[in-house]
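Here the structure is laid out as structure tokens; the discussion comes afterwards.
The values are calculated or read from the model by the stated rules, or taken from the named source; none is laboratory data. Bear in mind the structure is a predicted one, so any value in this text is a computation, not a measurement. All Cβ positions, glycine included, derive from the backbone under ideal geometry; neighbour counts span all protein chains shown. Only protein heavy atoms, including side chains, enter the accessible area calculation; ligands, DNA and RNA are left aside. Shrake-Rupley method; radii C 1.70, N 1.55, O 1.52, S 1.80 Å.
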Amino acid sequence: MVYTATSHITTVKEVETFFHHIVFERKVSFHPDNMFEDYVSCERGIPTFTLSECAIYNRLMDESFKVCEKEGVDIYEIGLKELNFENCK
């Protein structure tokens, strides 16, 4: 999956897909409250995301919060589900 400046999060399913992308495609153990600029590679000590990606991902996270709030879904539970080590098997 590639997220661009024209990508948007409008459904809970899209929130789940976005979170799955972050964890399994980008290989980031993230928290929904953190800005994407905060993630740095432990191995190389460089930012995990480019400034352009940070702008896109931060906006998509804001949209994710809005969708979850509107639908009465706990965004943190979606994140925990993706980070659950059972999924990594």
### Summary
Expressed per residue, the solvent accessible area of the range 22-89 in Å² (1.4 Å probe) is about 68
### Message
Run the simple label-point estimate for His20 and Asn34 please: 7 Å along Cα→C-beta, distance reported in nm.
### Response
2.2
### Task
Go ahead and run the numbers for FRET between Lys70 and Ser41, Cβ-Cβ distance against an R0 of 35 Å, rounding to 0.05.
0.55
### Message
For Glu53, Glu82, give me the order by solvent-accessible area with a 1.4 Å probe, most accessible first, ignoring ligands, DNA and RNA.
### Response
Glu53, Glu82
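By how many nm would the segment from Met1 to Lys27 grow when fully extended, if each residue of separation counts as 0.36 nm and the alpha-carbon distance is taken off?
Numbers: separation 26, 0.36 × 26 = 9.36 nm, distance 1.32 nm.
Taking Met1 through Lys27 to full extension adds about 8.0 nm, to one decimal.
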### Query
Can you give the Rg and Dmax of the chain based on its C-alpha atoms, in angstrom?
12.7, 39
#### Entry: Long-range HN-HN contacts of Thr48 with modeled amide H, under 5 Å
Tyr39, Val40, Ser41
### Query
Considering the chain as a Gaussian network with a 10 Å cut-off on Cα pairs, which listed residue, Ile46, Ile56, Ile75, attains the greatest mean-square fluctuation?
Ile46
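Can you tell me the relative contact order of the chain? Whole percent, Cα pairs under 8 Å, sequence separation 6 or more. Mind dumping the intermediate values first?
Values: 68 pairs, mean separation 34.4, N = 89.
Relative contact order comes out at 39 percent.
Can you give me the % of accessible surface on the chain that is carbon or sulfur? Probe 1.4 Å, all protein chains present, nothing else counted.
56
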